[in-house]
1. Using only Cα atoms, figure out Rg for the protein assembly as shown and give it as a multiple of 2.2 N^0.38 Å.
2. To make sure I understand the rule: partners must be lysines, Cα under 21 Å from the Cα of residue A:134, and not fewer than 8 residues away in the same chain. Which ones qualify?
3. Quick one: putting +1 on the C-beta of Lys and Arg, -1 on the C-beta of Asp and Glu, what dipole do you get for the range B:73-354 around its Cα centre, in Debye to the nearest 20?
4. Where does each of C:214-227, B:54-67, B:293-306 land if you order them by average Cβ count within 10 Å, highest first?
5. Rounded to the nearest 500 deg cm²/dmol, what is the calculated helix-only ellipticity per residue at 222 nm for chain D, with -39500 (n - 2.57) per DSSP H run of length n ≥ 4?
6. What residues have an amide H closer than 5 Å to that of residue A:26, excluding those fewer than 5 places away on the same chain, when H is modeled at 1.01 Å from N in the peptide plane?
7. Given springs between every Cα pair under 10 Å in a Gaussian network model of chain B, which of B:25, B:82, B:196 has the largest fluctuation?
8. List, largest first, the extents of the alpha carbons of chain B along their principal axes, each in whole Å.
Amino acid sequence: MLTEDLKIQCTELLPAISFEEGGEWLNAYVASEDLKSFLGKLRSLPGLEFDYLFCLTCVDWKTHLTMVYHFTSTIHRHNIVIKAKLDNSNPEIETVSDIWRTAEMLEREVYDLFGVKFIHHPDLRRLIMPDDWKGWPLRKDYEDPVNMIKL
Amino acid sequence: MFSLEGITTVIHEWLNNHFSPTLALLTEFILVGLAAIALFALLGLGLVWMERKVAAVMQIRLGPNRVGPKGIFQTSADTLKLLLKEGLVPDGADKFLFNLAPLVVMIVAMLILAPIAFAKNLQIWDINIGVLYLSAISSLSVIGIFMAGWASNNKYSLLGAMRSGAQIVSYELSAGLSVLSIVVMTGSLSIRDIILSQQNGWWIFKAHIPALIAFVIFIIAVTAETNRAPFDMAEAESELTAGFHTEYSGMRFALFFLAEYINIFIVCAVGATLFFGGWMPLHIGHWQGFNQFMDYIPSSIWFLGKTLGLIFLIMWFRWTFPRLRIDQLLNLEWKYLLPISMFNLLLMTIIAIMGWHF
Amino acid sequence: MVEEIGRTSEGDLIINVGPQHPATHGVLHLVLTLNGETIKKVEPHLGYIHRSIEKMCESLSYRQFIYVTSRMDYLSSHINNHGCALCVEKGLQVEVPQRAQYIRVIMDELTRIASHELWWGAMAMDLGAFTPFFHAFRERETITDIMEKTCGARLTMNYMVPGGVMAELHPDFQKDVKSFIQLYKSKFEEYNELVTGNIIFQNRMKSVGYISYDDAISYGCSGPVARASGVHCDIRKLYPYDIYSKVAFDEITETGGDSYARYLVRLKEMTQSIRIVEQLIDNIPEGDFQAKTKAVLKLPKGEFYQRVETARGELGVYIVSEGGTTPYRIKFRSPGFSNLSALEHMVKGLKIGDLVAAMGTLDLVIPDIDR
Amino acid sequence: MFLKDYIKDVYGAVRSLLKGMRMTGYYFTHHKEIITEQYPDNRATLLLAERFRGEVILLHDEKNEHACTGCSACEIACPNGTIKIINKFDVSPEGKRKKALDTFVYHLELCTMCNLCIVACPTDAIKMAQTFEHSVFDRTKLTKKLNNEDSKLREGVE
């Protein structure tokens, strides 16, 4: 499906969606509370069927965090990038691990490194850092005098 | 000519001429014990070296080549290292059983040496139920492995021991049945009689294809019984790190290691005795000239040659095949080997009764 | 006496596979819940080799960060570097000279063969056969020698730079590659005799670690793991980069979805890689090996995503740029991470031996997962 | 029918196993295929590729001159802080102060052999050496000064 068509269809599904110009694929901003239901529709509606979540990550913009979801469809071969802004101090978002199973591990990684809490996640624990680790390493304000060597 | 034949007789007569019968017997006991231990050490070292060399060449490597010519003293150096190492006992281990286990395995391996004929008239104990004794004792070693697995207080060890138990109990059956098929042919349980019955040809040739099948089953079963790859479920180092001897180090580990090779030697010696006539040279029917020529080769060479040949076969298996899974291992025994060997025993019995063998 | 520790309330055994375990090929830590020999639960614990490469890259310039990515999936370091270089080029909008593209693709495919060779040997070792490992290394060694001559290193090459490759090919390169192809072809049948056809291997791998088409997609599997379940996901075919659109090769898919299918996919992929190299090796065009780039690279503000097909699957390089000389945020979508997440689904209810067989055919490289 | 399949199974299995054994048997009897390199013994004949990256060296010619102008391009290019250039100021006979290399500090323990410094060098003063036996017992020995004593900049290199 062409980017323009995707844009129209996404706007139909969620009027509050906003698009970002530029970039290789269609970039769409979704409010964090609408995300779960919107992504559910993206996964299941015929013609869209974004069944392959190939990247799930987060970006710290100092003022806020942005969740970034990269989707592709193995049936229609179209791609979309969905972003959701999160509050810096108490980032919370619904999990999508029940829609895409791969999200379970990826969300654990994001929780571990950015401190984003995924509501209804089946097993939200630290994945990479030790269980008793303090802080969220990939945030921009993270300081670790022992392990981070400044050249 | 170099020969080990009659060496026992000479010693026996010399001792009886010089000492009282009691003292002579006692000296003989000690001599035999020392000989067994020495043989043990030598065999262990030699076979480990052989294994490493065989493995290396099959894996396009050189293998040990630094200590001594062709690395022949490598295994002695390794043993020395193991002797000097600290033998650790893990926390929470059952210390008594933990220490006992390698000894049990070792003693069992030593016990089986008794009825084996190393050359003409060179046998520690010519017992009239030799074959029965062998199968009875050889299944005891699983107790040592169980002990090691339980006492280590390690779950890998426990799993390894459980696997080993299931495996040895199953494979004992088909090993026993294939041994029995030769017993049926000879009508005797004594090792000596079995060897003598192959005066005019070895059983593997004399008893047609059923003997060949029995031999193949025997080799598979004993490979499993000695916990060798492709049946090394008890060790399975890519699954259970080292299985039942995960927690063993130093000399205790060395004992397990040596016992494994002694066990291989023994089962191969038994195989050589049953199917290839032990020390009996290659005789073919009534070809007198050929038979006499073969007799010139000492019986001990015949025995060692056959045994080493079988050991090589088992090593060849190990460095070619992957490991079976535990359920496949049991499937192989109960679905394939056991039915085949039972049917085969029937055939052998018919051959023996009808006298169709040579 | 022996205490009862490490048991669940149902009496199941909890066992730690790793971080030091022969089958995990590194420092992966799996916590297994076992009922006898049967696996009830697999829980991966990661991070033993976590170096926070993503954070490191935030303070390195666009030329510098590429070398770090060799240390992620060290078995396909060329392809990692290639993905990063492509992503930076996408931002800079640099046209890479044809010669450099040819060299890059040849190097990628040689790396893929080398990686699959190592996997083949290591997987056979997982299943208990030691000999294939050494035989595989014989061929792999030839490739690393070729790499060493041209790139100067055997494992972490750092040969791809934004705009092309770092150095001209070694004069012997074409000759060496051709002799490698000869060697490979003469030895390939051996692989089938020693492993593929072997009844024990087949029994160990068939219907073990099954993952269906839908599950493979849902778990985000990529590379040979997904292709063994019938998913068409070869980035080289779907989103061709450099000159992959010009070379003829087949995307290997199987429908089995089990370990054996994954095994076959990888084995056939090696042959396809040889095919690609054969097509290109004689036709490397003359020209520059590197495009002219500025001394200090600055990516424009924006986001850039590049997908490449490594030996293990789809690697994604996601660069968020603020217009500076260093990336603002960089994310590597590693294939092993997603493939590992499917492990529990694959092995639930199977035996410990099957775990090893399934893990072997997932071809995990732990630094790739932990980053 | 069942029996036929059973026998076929067994036959096929045995055949596949024998094939594998033939392969290992071939290697057992063909010692020419052995590929082991006896490393410390073959040092004399060991050939390393000329591009092999062992460590960074500063090239000196027979007059004890090097081509390093002390521009610090390598220091900037290095991702790990492996190189530290310490400059001094020579005073030329005409009284002009000229920047020159004082010490080229190289931390081998930090180096990842990425070759970026070599590429960055504008005067080709440094290159990668083929040495690879770097292990020492004392970590401080890995911090090296690459320019020789009293070495100076080659004439004509700017």
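Since every read-out is calculated from the coordinates, none of them should be taken as a lab result. Being a predicted model, the structure only gives us computed values, none of them experimental. So basically every Cβ, Gly included, is an ideal-geometry build from the backbone, and we count neighbours across all protein chains shown.
1. 1.11
2. A:62, A:117, A:150, C:55
3. Charge dipole of the range B:73-354: 340 debye, to the nearest 20.
4. C:214-227, B:54-67, B:293-306
5. Details: 3 runs with 38 residues, N = 158.
My calculation for chain D gives -7500 deg cm²/dmol from helical runs alone.
6. For residue A:26, the qualifying residues are A:81.
7. B:25
8. Here the Cα extents, ordered largest to smallest, are 64, 57, 44 Å.
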